[in-house]
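The values are calculated or read from the model by the stated rules, or taken from the named source; none is laboratory data. These figures come from a predicted structure and were not determined experimentally. Quick reminder, even Gly has a Cβ in these numbers, built from the backbone with ideal geometry, and neighbours come from all protein chains shown.
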Amino acid sequence: MFALGFASGIGAHELGHYVVATSKGYKVSHDGLSIVYPGAAFTDADRLQVASAGFQTQWLMAELALRDHNGKEMKEPPGNFGAGVVCAHLGITLAYLTVLKDRKQGDVVGIAEATKHSNDRVALALAVPGALDAWRLFGNRVPEWVPQLSLLVKGLGIAWAWTY
């Protein structure tokens with residue numbers, strides 16, 4: 001179940017890009033493992049929304065995995081599937097902090113180009129919810145402010161992307 005959750009987390013990340021891009025009328029294709037948008041003439045707002053859609057989706061998936069059906073933070077760790085979803089989020093975030101940070105077709109570069117911030121600054125901003133969610137998943141006696149801050153940071157990031 002962990003592997004299924006992990007694969008689902010990665011699939012959800014990619015699906016987020018696909019759904020946002022196609023909803024905006026852009027064509028979606030693949031170049032190896034990368035999603036590309038042939039012939040796209042993105043506005044900065046569209047580039048930001050499409051490039052960040054994977055992270056937005058993984059943030060929402062992590063919240064679903066780490067909260068109960070009433071929306072409250074779970075006191076116990078999620079099951080194997082939920083842990084896999086959160087670990088996919090952490091793995092994707094770690095990959096974009098390291099080996100994918102400067103990849104031309106990558107999310108960090110897309111967000112950086114749209115916002116005129118450096119790749120390092122974008123990667124650091126994306127690391128914050130990842131670090132908080134790692135604490136939520138692996139920590140003992142996690143303070144109540146950690147999930148609240150994680151949700152706030154994610155909410156602000158999503159709102160910023162959609163009002164840019």
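Quick notes
- Subset tally (residues that are surrounded by 14 or more Cβ atoms within 10 Å (Cβ to Cβ) and more than 30 Å from A134 (Cβ to Cβ)) for the range 37-66: 5
- The residue that is surrounded by the most Cβ atoms within 10 Å (Cβ to Cβ), among those in the range 128-143 that are outside any helix (DSSP H, G or I) and not small (G, A, S), is V142.
- Residue count for the range 101-116, restricted to those that are within 12 Å of A51 (Cβ to Cβ), modelled with pLDDT of 95 or more and either of a type in the set (G, A, S) or surrounded by fewer than 18 Cβ atoms within 10 Å (Cβ to Cβ) (or both): 4
- Taking every residue in the range 27-44 that is closer than 22 Å to Y164 by Cα and pairing it with any residue that is at pLDDT 95 or above and among the hydroxyl-bearing types (S, T, Y), at least 6 positions away or on another chain, the pairs with Cβ-Cβ distances below 9 Å are Y37/Y26; A40/Y26; F42/Y26; D44/T115.
- Considering the range 117-127, the residues that are within 17 Å of the chain's Cα centre (by Cα) and not small (G, A, S) include one that is surrounded by the most Cβ atoms within 10 Å (Cβ to Cβ), namely V122.
- Residue in the range 148-156 that is surrounded by 15 or more Cβ atoms within 10 Å (Cβ to Cβ), closer than 23 Å to D46 by Cα and either touching a Phe, Trp or Tyr at 6+ places or on another chain (Cβ under 9 Å) or in contact (Cβ under 8 Å) with a residue 12 or more places away in the chain (or both) present: yes
- Any pair with Cβ under 7 angstrom, 6 or more apart, that starts in the range 66-92 at a residue that is within 15 Å of V146 (Cα to Cα) and ends at one that is among the β-branched types (V, I, T) and surrounded by fewer than 16 Cβ atoms within 10 Å (Cβ to Cβ): none
- Scope the range 2-56; condition of a type in the set (V, I, T) and within 23 Å of L151 (Cα to Cα); matching residues: I10, V19, V20, V50
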